[in-house]
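Colleague: Quick one: the structure is below, and I'll ask about it shortly.
The values are calculated or read from the model by the stated rules, or taken from the named source; none is laboratory data. This is a predicted model, so every value here is computed, not measured. For neighbour counting, all protein chains shown are included, and Cβ atoms are generated from backbone atoms with ideal geometry for every residue, glycine included.
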Amino acid sequence: MGVGLVNTGMVGHLSATAIGAVGLTNRATMVAWALFQAVSTGATVLVAQSIGSGRRDRAKTVASQALLFGTSSVVTLALIFAVFGAKVLSIFKPDPSLLATATAYLRIVVIGMPAVGIMTAAGASMRGAGNTRTPMLIAVFVNLINLAGNSVLIYGRLGFPALGITGSAISTVTAQWIGASLALFAVMGKNSPLGLVWRGPWRFAKRELKEMLEIGLPATGESLFWQAAAIILTFFITGFGTEALAAHQLGLQAESISYMPTAGFGIAATALVGQAIGANNHRLAKRVTRELGVLITVITAFTAGLLIFLPKQILALLTNDAQVIALGAIYLRLMGTAQIPQQLGGVFTGALRGSGDTRTPMYIAALGLWCVRLPLAYVLAFPLNMGIAGVWTGMTVDLFVRFTLTVLRYRRIPWVRGETLRTQSVTAGD
């Protein structure tokens, strides 16, 4: 998220077209990462449960399958985007100038896709084993390299020519491949609990690969629902002009200031609940979820306040276009009201996945996105003439609906209900 925020912020001072090009490219490539969620989620859950039950050999096999299958599948997708990039981006019907800029940017960015695949597979395996610190440090290093490279290549410093948006793409790809190399060294290091070594054996294990995909494919379905809905919303938004698209893109990036904790705490819930379930310690699983929920609520109360009360100041860091800032401020204020349910919902979703239920989040996403977000956004934006604000209002309502459904499902997990019933029984007896 930091890489995306830095890229958008630095490119944002070039032009609205540059912002839109980065946004369209991100929207297209996110479909690829939706497919990769099967590897990421499946690896984290299976490694966590294997470590929790003391089966480290199984954890090692799962990690190797994540790297093998994940990297090979992303390479295939990168080739498709490299060849058919212009046709993919033309789906959004951008104006010719925006399409040309976005296509040139995409053709460079795809070179880094396999690197991100390696980092994601290695990171998912390390997190499942309880090591979230190393992926974090790698991500920090990648961001520092990207920031330095952007500063030099976008604006032409240290004797380099000013390459604009092309410089941002080159910097990002370079940082991603350095990060991939560090991730491989980390997952195969002497201190890694996974026990992977360079010499292998590197071969597909049918049983573990099947289990990983069975657990992870619903996460892919969920992510595909997200991306398909986002594409349709992009259709809605592009109809309001380049400035509206730029405001939406900047709003998404600025909002990441608030929802970045969701990714961390959601992953923590998946890993820790998975390890607790593997160790057959249901009480610990429930306690982990509760404590993570309290922590994320406290953090998000602060970050949501930033979005609600300082939206223009935040957006001014990303662009100097007054019209884009004014529109983006509407987005941030609306999303700020839904930050606590959105982040808290991420913790409960992580707990569901850690317990092995990866299907329910997919069903809830489908219901919220296709029965609430898209229909409501269309009705508010067009028949009721609310414009771009109508699209964003529909998105906000959807977040509240899906949070409610996620909490209801979490409370119906057998080990959650069973522990609650025992607690009530003891209290009544006392």
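Colleague: Quickly run through region 185-194 and pick out the residues that are in a loop (DSSP other than H, G, I, E, B) and touching a Ser or Thr at 6+ places or on another chain (Cβ under 7 Å).
Modeller: The one that is in a loop (DSSP other than H, G, I, E, B) and touching a Ser or Thr at 6+ places or on another chain (Cβ under 7 Å): 194.
Colleague: If residue 182 passes every condition in (1) within 27 Å of residue 101 (Cα to Cα); (2) in a helix (DSSP H, G or I) but one, which one does it miss?
Modeller: All conditions are met except number (1).
Colleague: Given the structure, is residue 197 closer than 23 Å to residue 70 by Cα and without any contact (Cβ under 8 Å) to a residue 60 or more places away in the chain?
Modeller: In short, yes.
Colleague: So which of 63, 38 ends up being under 15 Å from residue 120 (Cβ atoms), crowded, with 22+ Cβ neighbours inside 10 Å and under 17 Å from the mean Cα position of the chain (by Cα)?
Modeller: Selected residue: 38, the only one of 63, 38 that is under 15 Å from residue 120 (Cβ atoms), crowded, with 22+ Cβ neighbours inside 10 Å and under 17 Å from the mean Cα position of the chain (by Cα).
Colleague: Does region 134-147 contain at least one residue that is of a type in the set (Phe, Trp, Tyr), touching a residue at least 24 places away in the same chain (Cβ under 8 Å) and within 25 Å of residue 175 (Cα to Cα)?
Modeller: Yes, region 134-147 contains a residue that is of a type in the set (Phe, Trp, Tyr), touching a residue at least 24 places away in the same chain (Cβ under 8 Å) and within 25 Å of residue 175 (Cα to Cα).
Colleague: Moving on. Within region 371-385, restricting attention to residues that are of a type in the set (A, V, I, L, M) and assigned to a helix (DSSP H, G or I), which residue is surrounded by the fewest Cβ atoms within 10 Å (Cβ to Cβ)?
Modeller: Result: 379.
Colleague: Could you tell me which of the residues 356, 350 is assigned by TED's automatic domain parsing to the domain that holds residue 277, touching a residue at least 24 places away in the same chain (Cβ under 8 Å) and at positive phi?
Modeller: Result: 356 is the single residue among 356, 350 that is assigned by TED's automatic domain parsing to the domain that holds residue 277, touching a residue at least 24 places away in the same chain (Cβ under 8 Å) and at positive phi.
Colleague: Does region 211-232 include one or more residues that are surrounded by fewer than 20 Cβ atoms within 10 Å (Cβ to Cβ), more than 30 Å from residue 402 (Cα to Cα), outside the structural domain of residue 361 (by TED's automatic domain parsing) and in contact (Cβ under 8 Å) with a residue 40 or more places away in the chain?
Modeller: No - not one qualifying residue is present in region 211-232.
Colleague: Also, I was wondering about something else. Grab the helices (runs of 4 or more DSSP H) fully contained in region 94-177, keeping just those with 3 or more residues being under 20 Å from the mean Cα position of the chain (by Cα) and buried (at least 19 other Cβ atoms within 10 Å of the Cβ).
Modeller: So the answer is 113-128, 133-155.
Colleague: In region 50-59, is there at least one residue being more than 20 Å from residue 355 (Cβ to Cβ) and part of a helix (DSSP H, G or I)?
Modeller: Among the residues of region 50-59, at least one is more than 20 Å from residue 355 (Cβ to Cβ) and part of a helix (DSSP H, G or I), which makes the answer yes.
Colleague: Let me ask something else about it. Out of all the residues in region 195-223, which are outside any helix (DSSP H, G or I), among the aliphatic types (A, V, I, L, M) and at pLDDT 80 or above?
Modeller: Scanning region 195-223 gives a single hit, 205.
Colleague: So, one more: Mind counting the residues in region 175-199 that are over 30 Å from residue 148 (Cα atoms) and among the β-branched types (Val, Ile, Thr)?
Modeller: Residues flagged as over 30 Å from residue 148 (Cα atoms) and among the β-branched types (Val, Ile, Thr) within region 175-199 amount to 1.
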